[in-house]
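Participant: I have a structure here, written as structure tokens, and I will follow up with some questions on it.
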Amino acid sequence: MSELRTIIVEDEATSREILQNYLTKYCPSVQVLGEAPNITEGMELIRKYNPDLVFLDVEMPFGNAFDLLDKIPDRTFETVFVTAYNQYAMDALNNHAAYYLMKPINIDELVKAVDYVVDIKQKENALEGQVLKAKSGKAEGKITVPQQDGFQVLDVSEIFFCKADDNYTEIFLENKKILVSKTLKYFEEALMEYPFARIHKSYLVNVGEVVRYRKGKGGSVVLSNGKELSVSASKKSALLAYFQ
């Protein structure tokens, strides 16, 4: 693909310089279009350049990185967080960021972050204009799910998606849902041999029911029953691989 058109939003001048130098030296696929010391100027650069990738510090003047991202609900760029505050890691990866880097920046991790974004963009570009058709085909088989008075046998193909509910899982079928006293991780492992993808901390989806993929934030998928589910940025590449 062509170069990743990139913006750096970071309030510390030294940190901006270090990141810029690392990107120039170790990430030839990156073209840095501009730098901003706060979210206000960062927004201006994003509107001006419509970048592919934005490196974001979390805590900055005039608001934090989440404030900036919330102002761009239909964004199509990927985000890599670069910060000294690891308490933001889980929220960033679940909702906003393709990758999360801790300061001081580890060069190997930086290269991995850029490679991950390149992979996402290549897959998205390759799939644009195509009818989505999962290469794994239709899920066929049966699975037992525990009930209070025993268990129920489900055709795997009848499952549209599973949703985490604390230590329970809601299984969504065409006309009903079933609450099961098992975690989503349990069903992720139980359905490994079938075309099911973990697209979010809360969702495990039957890829055979996906009829549309939308860019923006982490992205989202629309299922054949009309249900739209969010895709975490960190899960996007694995999902897109089903359609190549």
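Derivation of every value follows stated rules applied to the coordinates shown; laboratory data play no part. For clarity, every value in this text was computed on a predicted model and none was experimentally measured. Note: ideal-geometry Cβ built from the backbone for every residue, glycine included; neighbour counts use all protein chains shown.
Participant: If a paramagnetic tag sat 7 Å from the Cα of GLU3 along the Cα-Cβ line, which residues of the stretch 18-51 would have the backbone N under 12 Å from that point?
Facilitator: Residues 24-25, 27-34 qualify, since their backbone N sits under 12 Å from the label point.
Participant: Hey, another quick one. Please compute the contact order of the stretch 142-241 in relative form: average sequence separation of alpha-carbon pairs under 8 Å and at least six residues apart, divided by the residue count, as a percent. Mind showing how you got there, number by number?
Facilitator: Values: 174 pairs, mean separation 17.9, N = 100.
Once divided by the residue count of the stretch 142-241, the mean separation gives 18 percent.
Participant: Karplus couplings for the stretch 205-215 from phi (6.51 cos²θ - 1.76 cosθ + 1.60, θ = phi - 60°), rounded to Hz, Gly and Pro as x?
Facilitator: The phi angles translate into 10, 6, 4, x, 9, 6, 10, 7, 10, 10, 6 Hz.
Participant: Can you pull the one-decimal nm distance between simple spin-label points at GLU12 and GLU228, each 7 Å off the Cα toward Cβ?
Facilitator: Spacing of the two 7 Å Cα→Cβ label points: 3.9 nm.
Participant: What share of the DSSP beta bridges in the chain is antiparallel, in percent to the nearest 5?
Facilitator: Values: 31 of 49 bridges.
Looking only at bridges with both residues in the chain, the antiparallel portion is about 65 percent.
Participant: Scan around GLY219 for amide H atoms under 5 Å from its own, H built in the peptide plane at 1.01 Å from N, and keep only partners 5 or more places away or cross-chain.
Facilitator: Answer set, sorted by chain and number: VAL231.
Participant: Please list 190-199, 64-73 highest first by mean number of surrounding beta-carbon atoms within 10 Å per residue.
Facilitator: Going by the mean number of other Cβ atoms within 10 Å, highest first, we get 190-199, 64-73.
Participant: Tell me, what ³J(HN,Hα) does each residue in the stretch 77-85 have, in order and in whole Hz, if you take phi through Karplus 6.51 cos²θ - 1.76 cosθ + 1.60 with θ = phi - 60° and put x for Gly and Pro?
Facilitator: Residue by residue, the stretch 77-85 yields 7, 8, 10, 10, 7, 10, 7, 8, 10 Hz.
Participant: Between GLU44 and THR24, what length in nm is gained on full extension when 0.36 nm per residue of separation is reduced by their alpha carbon distance?
Facilitator: 4.9 nm
Participant: Please work out the C-alpha center-to-center distance from the stretch 186-209 to the stretch 30-75 and express it in whole Å.
Facilitator: 33 Å
Participant: Quick one: what are the phi-derived ³J(HN,Hα) couplings along the stretch 110-123, Karplus 6.51/-1.76/1.60 with θ = phi - 60°, whole Hz, x for glycine and proline?
Facilitator: Values per residue, Gly and Pro as x: 4, 4, 4, 4, 5, 4, 5, 5, 4, 4, 4, 5, 5, 5 Hz.
Participant: Work out how much length GLN152 to ASP115 would gain on full extension: take 0.36 nm times their residue separation and subtract the Cα-Cα distance, in nm to one decimal.
Facilitator: 9.0 nm
Participant: Okay, moving on. Taking the chain, how much of its Cα-Cα pair set, in percent, is spaced more than 24 angstrom apart?
Facilitator: Summing the P(r) of the chain above 24 Å gives 50 percent of all pairs.
Participant: Gaussian network model of the chain, Cα springs within a sub-10 Å range: biggest mean-square fluctuation belongs to which of TYR100, TYR203, TYR22?
Facilitator: TYR22
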